[in-house]
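Here is the structure we will look at, set down as structure tokens.
The values are calculated or read from the model by the stated rules, or taken from the named source; none is laboratory data. Keep in mind that this is a model prediction, so the values were computed, not measured. Backbone-built Cβ (ideal geometry, glycine too); neighbour counts: all protein chains shown.
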Amino acid sequence: MSVLSLLCKQQSFKQQLETFRPRLYRIAYSWSHNPDLADDLVQETMVKALRKSEQVRNREAIDGWLFGILTNCWRDYFRKRKELDNIDNVILVEETTPVHHVEQQNIVDKVRAAIATLPTGQCQVLTLVDLEGMSYAEVATVLEVPIGTVMSRLCRARKTLSGKLLEFRPEAQNTASHLRRVK
């Protein structure tokens with residue numbers, strides 16, 4: 001193979017690469033959301049492609065080959081950027097464990113189930129006051145009931161929930177057993 005034919009092949013390959021530059025840039029920009037970084041990634045892809053041009057077996061499948069190089073450049077960028085953590089700053093033990101999260105979720109599920117057993121009026125008042133933070137007057141307006149009704153429903157709802165959820169307050173269980181009824 002002569003030097004002239006080799007240069008001609010190299011020149012046609014460069015021209016073919018240039019046609020892929022806008023597509024490579026679009027992909028790099030969609031990955032990085034940074035025009036400068038996208039341009040750098042495409043430039044690095046083009047340089048690597050020119051250096052490895054002898055690896056191309058099928059000129060029609062060059063786009064897949066180029067996107068593979070771009071993907072590797074993207075990965076290399078993250079490898080270079082990876083910061084080293086100071087081991088003294090690493091927390092080795094989390095305060096909340098998966099068991100803790102499961103226990104918390106169980107409590108939430110039991111509270112939701114207990115609220116679901118309340119009569120509709122009490123449930124509405126309880127959720128509007130305690131969850132949404134509305135005032136008694138606002139709840140009375142929303143539900144179109146007197147403010148006294150809001151207060152009594154809320155009191156009954158809280159008392160009912162307190163009885164159903166007593167198991168989550170161990171200190172309350174101990175004091176409840178020591179109470180005695182006085183006539």
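Miscellaneous remarks
- Condition broken by HIS101, with the remaining ones in (1) at pLDDT 90 or above; (2) farther than 16 Å from PHE20 by Cβ; (3) part of a helix (DSSP H, G or I) satisfied: (1)
- Qualifying residues in the stretch 12-62 (those that are over 21 Å from TYR77 (Cα atoms) and β-branched (Val, Ile, Thr)) - the one modelled with the highest pLDDT: THR19
- If you filter the stretch 63-84 down to residues that are at pLDDT below 70 and within 23 Å of the chain's Cα centre (by Cα), you find that the one that is surrounded by the most Cβ atoms within 10 Å (Cβ to Cβ) is LYS82.
- Qualifying residue in the stretch 170-179 (condition: modelled with pLDDT under 60 and either surrounded by 12 or more Cβ atoms within 10 Å (Cβ to Cβ) or not in a helix (DSSP H, G or I) (or both)): yes
- If you go through the stretch 110-153 and keep only what is of a type in the set (Gly, Ala, Ser) and in a helix (DSSP H, G or I), you end up with ALA113, ALA114, ALA116, GLY121, ALA137, ALA140, GLY148, SER152.
- Among the conditions (1) assigned to a helix (DSSP H, G or I); (2) closer than 30 Å to LEU37 by Cα; (3) modelled with pLDDT under 85; (4) of a type outside the set (Phe, Trp, Tyr), the only one that ASP88 does not satisfy is (2).
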